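Working notes for the structure below.
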Amino acid sequence: MHLHRSFLPLLVAVLLFIPVHSLSAPLPAIDVTQAEFDFGEVFQGEKVAHVFSFANSGDAPLLIDRVKSSCGCTAALLSSKEIAPGESGTIKATF
């Protein structure tokens, strides 16, 4: 029993010096350059569009399951459902 008690503090000390990032899984991170866009005054029946850009600044693929607009009058078209680390993507919004 005496051997186990002296080994525990050494084990705890070694675990404290392991970098936290080596214990966690790689994660994607999304960076959006422009989160909002004002279309201004739009007349009924007129179509306007804007392209939103984003990038994956993480160290794992960014998987986008779906893109949803806030109303039925806006369509959103995603450039790709999977964005590799360091790559960019776009969402084209048409109102």
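The values are calculated or read from the model by the stated rules, or taken from the named source; none is laboratory data. Computed from a predicted model, the values in this text were never measured in an experiment. Glycine also receives a Cβ, built like all others from the backbone with ideal geometry; neighbour counts cover every protein chain displayed. To get the accessible areas, we keep the full protein, side chains included, count just its heavy atoms, and leave off ligands, DNA and RNA. Shrake-Rupley method; radii C 1.70, N 1.55, O 1.52, S 1.80 Å.
With bins 5 Å wide starting at 0, give me the P(r) of the range 21-95 over every alpha carbon pair, in whole percents.
Going from the shortest bin to the longest, the percentages are 3, 14, 22, 21, 14, 11, 7, 4, 2, 1, 1.
Would you check the accessible area of GLU87, probe 1.4 Å, heavy atoms only, in square angstrom rounded to 10?
About 100 Å², rounded to the nearest 10.
Can you list residues whose amide H is under 5 Å from GLY58's amide H, if they're 5+ apart or on another chain and H is modeled 1.01 Å from N?
Here ALA29, GLY86 satisfy the definition.
Say each of GLU87 and LYS68 gets a label point 7 Å from the Cα, pointing the same way as Cα to Cβ; how far apart are those two points in nm?
For the pair GLU87/LYS68, the computed spacing is 2.5 nm.
About its Cα centre, how strong a charge dipole does the range 24-95 have in debye, to the nearest 20, once Lys and Arg get +1 and Asp and Glu get -1 at the Cβ?
Magnitude of the dipole: close to 260 debye.
Mind checking the range 37-89 for trypsin sites (Lys or Arg not before Pro) that DSSP puts in a loop (not H, G, I, E or B) and that have at most 10 other Cβ atoms within 10 Å?
LYS47, ARG66, LYS68
Would you mind computing, in nm to one decimal, how far apart the modelled labels at GLU46 and GLN34 are, each placed 7 Å from Cα along Cα→Cβ?
The two pseudo-label positions are separated by 1.7 nm.
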